[in-house]
Amino acid sequence: MNITSNPPSPALLLREMGLDRDVNRWRDRLKGIGPTEVERALDSTPGFYHFEKLLALISPTAESYLEPMARMARDLTIRRFGRTIRLYAPLYLSSFCVNRCLYCGFNADTPFKRVRLSLRDALAEGLILNQSGIRDLLLVSGEDRAHVSVKFIEELCAHLRNHFCFVSIEVHRMNLKEYARLFEAGVEGVALYQETYDRDVYAKYHRQGPKADYDKRLSGPDDIAQAGMREVGLGVLLGLSDWRTETLALAEHVHHLIKSYWRTHVSISFPRLRPAHGVSKSQFPHLVLDKELVQMILALRLCFADVGLVLSTREPAHLRDHLIRLGITRMSAGSRTNPGGYQYPQQGPGQFQVDDDRSAKEIADMVRCHGLDPVWKDWDKAFL
Amino acid sequence: MDMLTLAGRTFRSRLLLGTGKFDSNETMTRALDASGAEIITVALRRVDLDNPQDDLLSSIDQKSYLLLPNTSGARDAEEAIRLSRMARIATGIEWVKLEVTPDPYYLLPDPVETLKAAKILVDEGFVVLPYINADPILSLKLQDAGTATVMPLGSPIGSNQGLHTRASLRIILEQARVPVIVDAGLGLPSHASEAMEMGADAVLVNTAIATAKDPLGMARAFKHGVIAGRLAFLGGPRAPHLQASSSSPLTGFLREE
Amino acid sequence: MDSVIVLNGKERRFFAENVPNTLSSLLTQLDVLETTAVVEIDGRLVHPKDFSETLIRDGQRIELVRFMGGG
């Protein structure tokens, strides 16, 4: 008899829990949660995940408990991560894309002059970032396999690894072999957001192109972890569907990865729908308020002591300054979301509008003002 | 009903009993009955040719109990594998409690040889229950290799000192994908309760019962201790209350909107 | 003819009329219950169903093992 140690698939998990469609049925359950359940959740040891605990923490009733949640989340984050915040910057390689995601500035249907960076241009961008102090780089691209191929990223990494201590990617969904190759080339992390865990909503916003395959997307993080990547980044695009049920599904996905791939570090990002070229707010009925974003961040921190919580430059400066005291461990600094944007800020539209245009140095100063140490490099390959 | 599931089999009792150190087979069988245990460990030893009638198995109804052969005495992976195969050929039982203890003083398990043996035994189709020090990384590696459980020690065999390894046990319990059976060093029913309250799936007790003044009484006590601990765990124990600290509000900015 | 085997690490001599031919007869002679015995001959495990057919030869190293109490 062979005991199999194959982990169950996230798709199956979500289906069994009723989190991948008809999520309205959770509304009554969430409404029915009272102060006793919220307090029980707060009384339990911070940092450990139970589904019922998260349910209570994201409930409408828990809104009145944000301050105690914030204190616990902050204390827990400081104990596990120290008084630090990691700073990184995105480097957009291409605004070409074959997908037609309704919410995205790079949607294939949106007419604008697309930009593709050559190896030389990409390196020039990298140099500017390096000079600003950045040592943690995220390579981003629309789904442009023809140009942003595994080979292209390999070549880019060969140069970049001399200037950056951590390189991660947020590009189209690749397969296990490709991820393994990229790991060999020096890429150590991959961000692959499900965008939404609701199958019907997913189908609505992802009309065409490889990204339209919900299951393929969902199985991505498992491949990323199996390929040996040290970090995998998950997230939902807040605003597509009800944030509460999205948080439940996201947590189950995170928990699955933590249990199944103990060598891999999981992080969660909180991209919130923002205005973009060709994208209007009126199309999105589930926009998330600031206090809801805060509740989501706090609830997740109280359930996952060691997961990274990442804040992008979608959020305005004043909000980011407050959010970093609530359990955030990594944030972007001085970002440009248009390819070539560090050299040529006006060159073409970005993937989304950046609402915090402070430079990396200004962000670092702000972080220090809050009693935190901005960490540029978290991992020094020079010793290995 | 709350059942223990190990390798696809279910059990009512979360107390496993070791059969060593009893003063007689008779005491052992009576303690076994008092404990409510359904799984018992046995060792393989050379037949005492001067005393060939002394036969443990003839005292045990194999239909009522799951016999779990252990590889005690093995000092390396090869010996453990050899003992496992011996046990299987004689009884057809594919379950084995893997114990590799090269140090005869403390009988602490060798992590390297245990992992080595576990991989081979899993490949040969055994249901492997490895006895280890409370090492979280080793636990994960054994689970990756396909063992049915992990069995971290509370304190060295026979020391009766309780859960010295509790900090590490907590991590193992948090990260485990398989049932965790705390084995070794449990000297009192309260130790067993504590392990169950922490979330252990089961405990294994031998010395504390076998060498008690009243083994039957102690067996009964452990039975209740395990049940109590499990009920407490299921009831949802609360963490010690955190003091509210008076610092400036972290979420005040939300009300400024 | 006499026979010497190494049984559980010790030499054992069997005199002519008592030499056991098969494993089963050896166990009977030793008063060891067949159903609970585990036997290894020259490092090789013998399946219980083969006990009655397994021949005992001069010079073999035989290990007779059984389950005992253990933790």
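The values are calculated or read from the model by the stated rules, or taken from the named source; none is laboratory data. This is a predicted model, so every value here is computed, not measured. Cβ: placed from backbone, ideal geometry, glycine included. Neighbour counts: every protein chain shown. Surface areas here come from the heavy atoms of the whole protein model, side chains and all, with no ligands, DNA or RNA. Shrake-Rupley method; radii C 1.70, N 1.55, O 1.52, S 1.80 Å.
Which part of region A:337-364 falls in the paramagnetic zone of A:ALA146, meaning amide N under 19 Å from the point 7 Å along Cα-to-beta-carbon? Zone members listed by number: A:339.
Rg over Rh for chain B works out to 1.06, both radii taken from alpha-carbon positions and Rh defined as the Kirkwood radius. Evaluate E = 1/(1 + (r/R0)^6) for C:ARG61 and B:SER58, where r is the Cβ-Cβ distance and R0 equals 25 Å; express this FRET efficiency to the nearest 0.05. Rounded to the nearest 0.05, the efficiency is 0.40.
Here the simple spin-label model places points 7 Å from the Cα toward Cβ, and for A:GLU184 and B:MET3 these points are separated by 4.8 nm.
Would you kindly work out the equivalent ellipsoid of region C:24-71 from its C-alpha gyration tensor and give its semi-axes, the square roots of five times the eigenvalues, largest first in whole Å? Before the final figure, lay out the partial values.
On the way: eigenvalues 67, 33, 22 Å².
Each semi-axis is √(5λ); the values are 18, 13, 10 Å.
Amide H to amide H distances under 5 Å link B:VAL127 with B:TRP95, B:VAL96, where only residues 5 or more positions off or on other chains count and H is placed in the peptide plane.
What is the log10 of I(q)/I(0) for region B:160-212, computed with the Debye formula using one identical point scatterer on each Cα and no solvent, at q = 0.18, 0.28, 0.29 Å⁻¹? Those come out to -0.52, -1.11, -1.18, one per q. Residues B:PHE222, A:PHE112, sorted by accessible area with the largest first, give A:PHE112, B:PHE222 [1.4 Å probe; ligands and nucleic acids excluded].
For the residues A:LEU218, A:LEU137, A:LEU119, a GNM of chain A with alpha-carbon springs under 10 Å puts the largest fluctuation on A:LEU119. Bridge orientation summary for region A:10-378: considering DSSP beta bridges with both residues in this region, about 10 percent are antiparallel. Could you compute the FRET efficiency for A:ASP121 and B:VAL112, with r as their C-beta to C-beta distance and R0 at 45 Å, rounded to 0.05? Efficiency for this residue pair is about 0.30. Between B:SER24 and A:THR36, the modelled labels are 5.5 nm apart [label points 7 Å from Cα along Cα→Cβ]. Residues of region B:95-121 falling in the label zone of B:GLN175, defined by backbone nitrogen less than 16 Å from a point 7 Å along Cα to beta-carbon, are B:111-112, B:115. In this Cβ point-charge picture (+1 for Lys and Arg, -1 for Asp and Glu), region B:1-97 has a dipole of about 360 debye about its Cα centre. Look at the alpha carbon pairs under 8 Å that are at least 6 residues apart: their mean separation over the length of region C:3-66 gives a relative contact order of 46 percent. Ligands, DNA and RNA left out, the accessible area of region A:10-378 computed with a 1.4 Å probe is 50% carbon and sulfur. The eigenvalues of the Cα gyration tensor, multiplied by 5 and square-rooted, give region A:228-384 an equivalent ellipsoid with semi-axes of 24, 23, 16 Å from largest to smallest.
Considering only A:HIS318, A:GLY334, A:LEU257, the residue lying farthest towards the positive end of the dipole of region A:10-378 is A:GLY334, judged by Cα position with unit charges set on Cβ.
Spatial offset of chain C relative to region B:35-109 amounts to 20 Å, using the alpha carbon center of each.
Taking R0 as 60 Å, what's the FRET efficiency between C:LEU33 and A:ALA158 from their Cβ-Cβ distance, rounded to 0.05? Each step should come with its number before you reach the end.
Numbers: r = 71 Å, r/R0 = 1.18.
Calculated transfer efficiency: 0.25.
Near A:ARG86, the amide H atoms lying under 5 Å from its own belong to A:ARG330, A:MET331, A:VAL375; only residues 5 or more places off or on other chains count, and H is placed 1.01 Å from N.
When accessible surface is computed with a 1.4 Å probe, chains A and B are found to bury approximately 2600 Å² between them, both chains counted. Only one residue of C:ALA16, C:SER52, C:VAL6 has its Cα farthest out toward the positive end of the dipole of region C:3-66, where Lys and Arg carry +1 and Asp and Glu -1 on Cβ, and that residue is C:VAL6.
I'm a student and want to see the number: the projected area of the Cα convex hull of region A:10-378, averaged over all directions, in nm². Write down the numbers at each step before the final one.
Numbers: hull surface 65.1 nm².
Over all viewing directions, region A:10-378 projects a mean Cα-hull area of 16.3 nm².
Pick from A:ALA158, A:ALA299, A:ALA333: which residue has the top mean-square fluctuation in a GNM of chain A where Cα pairs under 10 Å get a spring? Largest GNM mean-square fluctuation: A:ALA158. The C and B chains share an interface that buries close to 2500 Å² of accessible area, total over both sides, probe 1.4 Å.
How large is the convex hull of the Cα atoms of region B:100-161 per residue, expressed in Å³ as a whole number?
76
Between A:ARG79 and B:GLN161, the modelled label-to-label distance comes to 2.6 nm, taking each label 7 Å out from Cα in the direction of the beta carbon. Among the listed pairs A:LYS177/A:LYS204; A:LYS259/B:LYS97; A:LYS151/A:LYS216; B:LYS119/B:LYS141; A:LYS259/B:LYS141, those whose Cα-Cα separation exceeds 19 Å are A:LYS177/A:LYS204; A:LYS259/B:LYS97; A:LYS151/A:LYS216. The separation of region A:300-323 from region A:107-170, counted between C-alpha centres, amounts to 24 Å. For A:CYS101, the amide hydrogen comes within under 5 Å of the amide hydrogens of A:ALA108, counting only partners 5 or more places away or on other chains and with H modelled in the peptide plane. If you roll a 1.4 Å probe over region C:3-66 with all protein chains in place, what percent of the accessible area is carbon or sulfur? C and S atoms contribute 47 percent here. If you sort A:LYS151, B:LYS141 by accessible surface, 1.4 Å probe, largest first, the order is A:LYS151, B:LYS141. Springs between alpha-carbon atoms under 10 Å, Gaussian network over chain B: tell me which of B:THR165, B:THR91, B:THR211 tops the mean-square fluctuations. Most flexible of the set in this elastic network: B:THR91. Taking a point 7 Å from the Cα of B:GLU124 along the Cα-to-Cβ direction, the residues of region C:42-71 with backbone N closer than 19 Å to it are C:42-50, C:62-68. Would you work out which of A:ALA180, A:GLY47, A:GLY82 lies farthest towards the positive end of the dipole of the protein assembly as shown? Charges go on Cβ: Lys and Arg +1, Asp and Glu -1. Final value for the positive-end residue is A:GLY82. Across the protein assembly as shown, counting alpha-carbon atoms alone, Rg and Dmax equal 31.4, 107 Å.
Taking all protein chains as they are arranged and a probe of 1.4 Å, the heavy atoms of B:VAL128 leave approximately 0 Å² accessible to solvent.
Hey, if you drop one equal point scatterer on each alpha-carbon of region A:294-364 and run the Debye formula without solvent, what base-10 log of I(q)/I(0) do you get at q = 0.22 Å⁻¹? Each listed q maps to, in turn, -0.95. Peptide packing: for B:184-195, B:106-117, the average count of neighbouring Cβ atoms within 10 Å per residue gives the ranking B:184-195, B:106-117, highest mean first. Across region A:36-133, C-alpha contacts under 8 Å between residues 6 or more apart give a mean separation that, scaled by the residue count, equals a relative contact order of 18 percent.
Phi angles across region B:175-181 convert, under the Karplus curve 6.51 cos²θ - 1.76 cosθ + 1.60 with θ = phi - 60°, into 3J(HN,Hα) values of 8, 5, 9, 10, x, 10, 10 Hz, Gly and Pro given as x. Below 8 Å, C-alpha to C-alpha, sequence gap of six or more: please give me the relative contact order for chain A in percent. Answer for chain A is 24 percent.
Could you size up the charge dipole of region A:10-378 around its Cα centre, putting +1 on the beta carbon of Lys and Arg and -1 on that of Asp and Glu, and report it in debye to the nearest 20? Mind dumping the intermediate values first?
Numbers: 50 positive and 46 negative charges, 70 e Å.
Using only the charged Cβ atoms, the result is roughly 340 debye.
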